[in-house]
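Below is one structure, written out as structure tokens; comments come after it.
The values are calculated or read from the model by the stated rules, or taken from the named source; none is laboratory data. Predicted model only: the values in this text are computed from it and were never measured. Heads up, the Cβs are rebuilt from the backbone with ideal geometry, glycines too, and the neighbour counts pull from every protein chain shown.
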Amino acid sequence: MKNRVFSGMRPTGRLHLGHLVGALDNWIQMQDTHDCVFGIVDWHALTSEYQDVEKVNRNVVEIAIDWFAAGLDPERSIVMIQSQVPQHAELHLLFSMIVPVPWLERVPTYKEQQQQLKEKDLSTYGFLGYPLLQAADILVYKADTVPVGEDQVSHIELCREVARRFNNFYTPVFPEPQAKLTKAPKLPGTDGRKMSKSYGNEIQLSEDPKSVRQKVLTMMTDPARVRRHDPGNPDLCPVFDLHRVFTKEQGKEWAAEGCRTAGIGCIDCKKRLLEDLIPVIEPLHEKRVKLENNVAGLKETLFEGSRKARVIAEQTLDEVRQAMRIKYT
Ligand code: TRP
Ligand code: SF4
């Protein structure tokens with residue numbers, strides 16, 4: 001039997017290149033080697049976007065388009081919507097009986113997010129429970145492998161502690177899942193800071209090639225390279241960070257050497273990057289058009305994925321109810 005994977009994303013907006021390199025590429029590869037379940041976690045989005053429910057609703061379709069265009073394959077993986085599998089919520093509730101509140105208050109992202117999103121009231125019950133709902137997402141499929149970013153490691157640790165506590169109190173039902181981190185470095189956005197929607201510096205997966213060109217050609221470079229004859233330092237240049245991820249070895253060497261010796265200009269360097277970057281974006285763009293033209297079919301695919309997910313999740317809940325003696329037959 002293959003190892004089971006679960007991972008999810010909150011439907012809060014369109015995805016960008018950072019998501020592709022940091023998560024999606026990893027997921028797509030795992031489809032060959034693992035039994036994968038990928039969730040559009042709309043309840044997790046609601047923990048912070050509870051005043052903008054219309055946006056969350058729209059973004060479920062948007063994120064599904066981004067996923068399928070990038071290469072998630074509903075024939076090989078289960079692609080589901082969290083809220084359509086109520087077993088996630090039932091397991092979350094049962095876990096809430098055994099998890100001490102300080103375990104949740106201690107999770108570093110809890111206070112960090114409250115600080116960062118000051119404009120939102122995140123003093124809610126649901127927001128405190130965010131990582132516990134995440135543990136339920138994973139454990140309801142008995143997933144043992146969770147491809148996530150560095151920022152999620154503390155959540156996966158909590159997930160393991162919850163699994164251990166349940167198994168100790170009752171009977172062993174759950175594995176102790178491990179995070180599987182991506183090797184890809186963080187991508188910079190057009191202004192040199194980390195690529196992120198909140199900075200408005202991102203290159204979206206849905207962007208057309210023309211606009212990708214435009215963004216790269218105006219992207220920030222090594223600030224020391226003011227004039228064409230000033231040598232630059234690729235290690236200090238966000239454009240070169242993109243070369244590292246997207247450009248083939250030869251091109252990378254050419255760009256680094258040309259930069260250090262002022263043998264090439266920044267525009268030459270960026271055009272070389274585009275030669276390898278545009279072919280990544282272009283096919284996504286073409287697939288997207290098809291998906292956008294058949295949103296009803298796309299939703300049906302998500303419902304079908306959710307149906308398959310419910311079957312697995314219900315088996316787990318059956319064991320859980322039995323373990324907690326709330327199965328009355
Ligand atoms: N918290 C994750 C994030 O913000 C999203 C998520 C929800 C998730 N449930 C999950 C990731 C379960 C992995 C497994 O990125
Ligand atoms: Fe950056 Fe390339 Fe310009 Fe060097 S030549 S500063 S790596 S864009």
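Pick out the one residue from ARG272, ARG228 that is in contact with a Gly (Cβ under 8 Å, 6 or more places away or on another chain), under 18 Å from ILE203 (Cβ atoms) and not aliphatic (A, V, I, L, M).
ARG272
Keeping to segment 188-209, report how many residues are touching a residue at least 60 places away in the same chain (Cβ under 8 Å), within 16 Å of ligand 2 (Cβ to nearest atom) and farther than 21 Å from GLU282 by Cβ.
Number satisfying all stated conditions: 0.
Residues that are modelled with pLDDT of 95 or more, of a type outside the set (S, T, N, Q), part of a loop (DSSP other than H, G, I, E, B) and within 12 Å of ligand 1 (Cβ to nearest atom): does segment 14-23 have at least one?
yes
Say we look at segment 210-224 and pick out the residues that are modelled with pLDDT of 95 or more, within 10 Å of ligand 2 (Cβ to nearest atom) and in a loop (DSSP other than H, G, I, E, B); which of these is nearest to GLU282 (Cα to Cα)?
MET219
Return the only residue of SER96, SER83, SER123, SER77 being away from ligand 2 (no atom under 16 Å from the Cβ), within 23 Å of VAL289 (Cβ to Cβ) and of a type in the set (Ser, Thr, Tyr). Step through it out loud before you land on a result.
Values: SER96 fails: within 23 Å of VAL289 (Cβ to Cβ); SER83 fails: within 23 Å of VAL289 (Cβ to Cβ); SER123 fails: within 23 Å of VAL289 (Cβ to Cβ).
Of the residues listed, the single one that is away from ligand 2 (no atom under 16 Å from the Cβ), within 23 Å of VAL289 (Cβ to Cβ) and of a type in the set (Ser, Thr, Tyr) is SER77.
Restricted to segment 3-31, and to residues that are in contact (Cβ under 8 Å) with a residue 40 or more places away in the chain and either of a type in the set (D, E, K, R) or within 16 Å of ligand 2 (Cβ to nearest atom) (or both), which residue is nearest to ILE65 (Cα to Cα)?
So in segment 3-31, the residues in contact (Cβ under 8 Å) with a residue 40 or more places away in the chain come out as 3-9, 11-28, 30-31.
Filter once more, keeping what is either of a type in the set (D, E, K, R) or within 16 Å of ligand 2 (Cβ to nearest atom) (or both): 4, 14, 25.
On the way: ARG4: 24, ARG14: 9, ASP25: 15 Å.
The extreme case among them is ARG14.
Looking at (1) in contact with a Cys (Cβ under 8 Å, 6 or more places away or on another chain); (2) in contact (Cβ under 8 Å) with a residue 40 or more places away in the chain, which is the one condition that is false for PRO131?
Only one criterion in (1) in contact with a Cys (Cβ under 8 Å, 6 or more places away or on another chain); (2) in contact (Cβ under 8 Å) with a residue 40 or more places away in the chain is unmet by PRO131, namely (2).
Of all residues in segment 166-186 being at pLDDT 95 or above, assigned to a loop (DSSP other than H, G, I, E, B) and out of contact with any strand residue (DSSP E or B) (no Cβ under 6 Å at 6 or more places or on another chain), which is nearest to LEU242 (Cα to Cα)? Lay out the reasoning, then the answer.
Let us first name the residues in segment 166-186 that are at pLDDT 95 or above, namely 166-180.
Applying the additional criterion that residues be assigned to a loop (DSSP other than H, G, I, E, B) yields 170-177.
Imposing the further condition that a residue be out of contact with any strand residue (DSSP E or B) (no Cβ under 6 Å at 6 or more places or on another chain) reduces the set to 170-176.
On the way: TYR170: 50, THR171: 49, PRO172: 46, VAL173: 44, PHE174: 40, PRO175: 37, GLU176: 35 Å.
So, considering only residues that are at pLDDT 95 or above, assigned to a loop (DSSP other than H, G, I, E, B) and out of contact with any strand residue (DSSP E or B) (no Cβ under 6 Å at 6 or more places or on another chain), the one nearest to LEU242 (Cα to Cα) is GLU176.
Mind listing whichever residues of segment 210-246 are hydrophobic (A, V, I, L, M, F, W, C) and without any contact (Cβ under 8 Å) to a residue 12 or more places away in the chain?
Narrowing segment 210-246 to residues hydrophobic (A, V, I, L, M, F, W, C): 212, 216-217, 219-220, 224, 226, 236-237, 239-240, 242, 245-246.
Correct list: VAL226 only.
So if I check each of VAL162, VAL79, which one is within 24 Å of ILE63 (Cα to Cα), in contact with a helix residue (DSSP H, G or I) (Cβ under 9 Å, 6 or more places away or on another chain) and either buried (at least 21 other Cβ atoms within 10 Å of the Cβ) or not β-branched (Val, Ile, Thr) (or both)? Outline the logic, then answer.
Working: VAL162 fails: within 24 Å of ILE63 (Cα to Cα).
One residue alone meets the criteria, VAL79.
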